[in-house]
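Q: Would you mind keeping the following structure in view while I ask a few things?
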Amino acid sequence: MLARMTTPASGPTPKPLPLIIPCVDIQSGRAVRLYEGNPDQETVYFESPLDAARHWAALGAGLVHLVDLDAATGRGENRAVIAQITADLGVPVEVGGGIRDRTSAEALLKAGVDRVVIGTAAVKNPQLVAELIAAHGPERVVVSLDARGLEVATHGWAQGSGLMVADLTPQLADAGLETLIFTDVTRDGTLRGLDRELMRQVRQLWVNTLIVGGGVANLDDVRLLAEEGIHGAIVGRAIYEGTLPYPVPALD
């Protein structure tokens, strides 16, 4: 269940409160956020990614999203610290970044990661998604489509794929995918707020569980998610810098 309900004493039943998933982006062994996905424009929030994950878990996070930025961009990897977080945290974690074959995905799952997030590999080899879902179930496999507008970007957002989100969503549905993450690369880490029309278009393209990222800034964006029927968002800079309170209060 990816939404929490708030129920008043009387009156109409409210929309589900979207799930806000804290993000810990790991680059060179530190917890950072990038501006528009540029690895050379980083802000360091915690020297230790484990401390960052512990911080959000202590505030009540039911799921923490980890991204290995170095693996995503081919600059290295941070698997040791990810293993440490997974073993220590006591809260479910999902991991993305550089997972481009079945071996790397299954190594993370066997290490205790609750679900893997497949990005570039889902674009290049959709059959991989079907194989992983068949082997491990849809609850342990998530696909992340990162895009500029509706064109999917790959390899740590560095390359355009020439494919549109609408080209891929039918294939992913046929593969048995339940949960899709959509990130607006042009707004990620910018605190510019969500693009409502883009969110609406993606919601129409994906009828199953939809989690979005890129630009979430404040409670107005959480309201937008609820209004558009989007299940949740992966959030970094806004909760690190306090423009969105966390835990997120009930919407009025």
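Q: Working carefully through the options 179, 190, 183, find the one that is closer than 30 Å to residue 46 by Cβ, out of contact with any Gly (no Cβ under 8 Å at 6 or more places or on another chain) and touching a residue at least 40 places away in the same chain (Cβ under 8 Å). Quick ask: steps written out before the conclusion?
A: Details: 190 fails: out of contact with any Gly (no Cβ under 8 Å at 6 or more places or on another chain); 183 fails: out of contact with any Gly (no Cβ under 8 Å at 6 or more places or on another chain).
Of the residues listed, the single one that is closer than 30 Å to residue 46 by Cβ, out of contact with any Gly (no Cβ under 8 Å at 6 or more places or on another chain) and touching a residue at least 40 places away in the same chain (Cβ under 8 Å) is 179.
Q: Right, here's the next one. Quick one: would you say residue 95 is at pLDDT 95 or above, of a type in the set (Val, Ile, Thr) and closer than 18 Å to residue 141 by Cβ? Let's see the steps before the verdict.
A: Working: at pLDDT 95 or above: yes; of a type in the set (Val, Ile, Thr): yes; closer than 18 Å to residue 141 by Cβ: yes.
When the stated conditions are applied, residue 95 passes them.
Q: Test of understanding: among 109, 163, 145, which residue is surrounded by fewer than 21 Cβ atoms within 10 Å (Cβ to Cβ) and not in a helix (DSSP H, G or I)? Don't jump to the end; show me each part of the working.
A: Values: 109 fails: not in a helix (DSSP H, G or I); 145 fails: surrounded by fewer than 21 Cβ atoms within 10 Å (Cβ to Cβ).
The conditions single out 163.
Q: Please verify whether residue 31 is free of Cβ contacts under 8 Å to residues at least 24 places away in the same chain and crowded, with 23+ Cβ neighbours inside 10 Å, treating the condition exactly as stated.
A: Working: free of Cβ contacts under 8 Å to residues at least 24 places away in the same chain: yes; crowded, with 23+ Cβ neighbours inside 10 Å: yes.
Yes; evaluated as a whole, the condition is true for this residue.
Q: OK, next. Being of a type outside the set (A, V, I, L, M), at pLDDT 95 or above, part of a strand (DSSP E or B) and within 21 Å of residue 20 (Cα to Cα), is that true of even one residue in segment 49-62? It would help to see each step written out before you state the result.
A: Pass one, segment 49-62, residues of a type outside the set (A, V, I, L, M): 49, 51, 54-56, 60, 62.
If we keep only those that are at pLDDT 95 or above too, we end up with 49, 51, 54-56, 60, 62.
Subsequent filtering for residues that are part of a strand (DSSP E or B) retains none.
Looking through segment 49-62, none of the residues is of a type outside the set (A, V, I, L, M), at pLDDT 95 or above, part of a strand (DSSP E or B) and within 21 Å of residue 20 (Cα to Cα).
Q: While we're looking at this one, here's another question. Answer yes or no as to whether residue 116 is part of a loop (DSSP other than H, G, I, E, B), on the phi < 0 side of the Ramachandran plot and at pLDDT 95 or above. Please lay out each step first, then the result.
A: Values: part of a loop (DSSP other than H, G, I, E, B): no; on the phi < 0 side of the Ramachandran plot: yes; at pLDDT 95 or above: yes.
Answer is no for this residue.
Q: Those residues that are aliphatic (A, V, I, L, M) and over 14 Å from the mean Cα position of the chain (by Cα), I need them from segment 19-33; list them, please. Don't jump to the end; show me each part of the working.
A: In the first step, residues of segment 19-33 are kept if they are aliphatic (A, V, I, L, M); the result is 19-21, 24, 26, 31-32.
Within segment 19-33, 31, 32 meet the criteria.
The values are calculated or read from the model by the stated rules, or taken from the named source; none is laboratory data. If you're wondering where the values come from, they're calculated on a predicted model, not measured in any experiment. Cβ: placed from backbone, ideal geometry, glycine included. Neighbour counts: every protein chain shown.
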